[in-house]
Amino acid sequence: QVQLAESGGGLVQTGGSLRLSCAASGRTFSNYPMGWFRQAPGKEREFLATISRLGGTVSYADSVKGRFSISRDNAKNTVYLQMNSLNPDDTAVYYCAAGQRGGTSSDIGYYVYWGQGTQVTVSS
């Protein structure tokens, strides 16, 4: 129903910034709340941020609150994650996901569709 493709990852120095994008195709993008997650080697997949269908509600994990910002442009079928003040602990594969209709959630089980991920590496 929905295909997701992340882009914008790469190598950045400590203290730098990156902007990730997630482009959606398939059914109407605005039907789906969206989330961002990440997974580092040997660690569980970690919730980062979520945004409601029309963008009116956002929430963040405590670990990234104040540094990361989620947004969406439904006309472009795209969700973004702006990441600032990056440090080596942010090194991971970053994933976007589309959730159930309505609301927002930090729970992995809420999300139905997942992208393949984009690598972010932060050097010291």
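Annotations
- With contacts taken as Cα pairs under 8 Å and at least 6 residues apart, the chain reaches a relative contact order of 36 percent.
- Residues of the chain: accessible area per residue with a 1.4 Å probe, Å²: 50 Å²
- Heavy-atom accessible area with a 1.4 Å probe sorts 73, 107, largest first, into 107, 73.
- Integer Hz, Karplus 6.51/-1.76/1.60 couplings in order for the stretch 68-76, x for Gly and Pro: 10, 9, 9, 8, 8, 10, 5, 5, 9
- Expressed as a whole percent, the accessible surface of the chain that belongs to carbon and sulfur atoms is 44, based on a 1.4 Å probe.
- The HN-Hα couplings worked out from phi for the stretch 87-96 by the Karplus form 6.51 cos²θ - 1.76 cosθ + 1.60 (θ = phi - 60°) are 9, x, 5, 7, 5, 4, 8, 9, 10, 9 Hz, whole numbers, x standing for Gly and Pro.
- Backbone HN-Hα couplings from phi across the stretch 26-42 [Karplus 6.51/-1.76/1.60, Hz, Gly and Pro as x]: x, 5, 3, 4, 5, 6, 10, x, 10, x, 10, 9, 9, 9, 9, x, x
- Considering every alpha-carbon pair of the chain, the percent of pairs per 10 Å bin, from zero through the bin containing the longest distance, is 15, 50, 29, 6, 0.
The values are calculated or read from the model by the stated rules, or taken from the named source; none is laboratory data. Because the structure is predicted, anything quoted here is derived from the model rather than measured. Just so you know, the surface numbers come from the protein's heavy atoms only, side chains and all, with ligands and any DNA or RNA stripped out. Shrake-Rupley method; radii C 1.70, N 1.55, O 1.52, S 1.80 Å.
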